[in-house]
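Step one of this worksheet: look at the structure below.
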Amino acid sequence: MSKVDEIKNQLSRCSEDEQHLVFEYLRSKFPIHPIEKQLNTTAEVILEAIARAGDLTQRGVRGIIAEAAFKQYVVSHLKGWRDITPPCEAPYDFLLDDSKGQVRIQVKMQRLKNKKPMMANEGYKFLSSDKYAVETQKTRGGKDKKTNSDTRPYRFGEFDILAVAMHPSTGDWNDFGYTVADWLIARSDNEDLLLKFQPVAKKPNEDWTGSLEECIKWFRDGIKKKIAR
């Protein structure tokens, strides 16, 4: 029996309080993440701060988690692709490249409302009551200096694929729905801009897929259509 196995056996015979004391000792020696040193605090304090935060802050945190989950669970497992996302701010979250060219991906969270998955018709009555909603606009607003127009809405052509984290309905951070950005619904007052709320199919169909590779093929095939409302 190895020394590690022996320690594990001894720990299994300890009480929960004794195990917790050992855990606290190891935590003091091994930080969970470098950000603890950067902020000069512990992961527990950081998590407690998030837990105490308001809905708007937690919504932002969930969005950041969605991006991190996409990188870890999806991007890192792609074969033949390179992540060449620039460090500067861009209207997409990931820039991927293979032998055929580049693909720009925007990652968004499926929207929650009153701590429940928001349905599309709760965003706009003309959208389906049988589809979820995703909010497709930038987190921060602003005004264009030349036109004085709102810069928060996304414009068609700013990214190629929309990836929606389905965690609010499935509880799985590895579950994403994908569609081609040009297939999204435009605003009625300006067809160059994406509608704020977009309907997301509950299950893969002809408009939405659970496979990034399939969605990239849709995009590269140049199919012209719009997702069902």
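The values are calculated or read from the model by the stated rules, or taken from the named source; none is laboratory data. In this text the structure is predicted, and so the values were computed from the model without any measurement. We place every Cβ from the backbone using ideal geometry, glycine too, and count neighbours over all the protein chains shown.
Worth pointing out:
- If you go through region 93-113 and pick out every residue that is more than 16 Å from Val180 (Cα to Cα), among the basic types (Lys, Arg) and free of Cβ contacts under 8 Å to residues at least 60 places away in the same chain, you end up with 1.
- When region 70-92 is limited to residues that are touching a residue at least 60 places away in the same chain (Cβ under 8 Å) and out of contact with any Lys or Arg (no Cβ under 6 Å at 6 or more places or on another chain), the one that is nearest to Leu184 (Cα to Cα) turns out to be Pro91.
- Residue match in region 140-151 (condition: out of contact with any Phe, Trp or Tyr (no Cβ under 7 Å at 6 or more places or on another chain) and crowded, with 20+ Cβ neighbours inside 10 Å): no
- Screening Thr147 on (1) outside any loop (DSSP other than H, G, I, E, B); (2) at pLDDT below 95; (3) of a type in the set (Val, Ile, Thr) shows it passes everything except condition (1).
- Qualifying residue in region 22-45 (condition: more than 27 Å from Ala68 (Cβ to Cβ) and either surrounded by 12 or more Cβ atoms within 10 Å (Cβ to Cβ) or in contact with a Lys or Arg (Cβ under 8 Å, 6 or more places away or on another chain) (or both)): yes
- Within region 207-229, the set of residues being over 16 Å from Tyr132 (Cα atoms) and assigned to a loop (DSSP other than H, G, I, E, B) comprises Ser211, Gly222, Ile223, Lys224, Lys225, Lys226.
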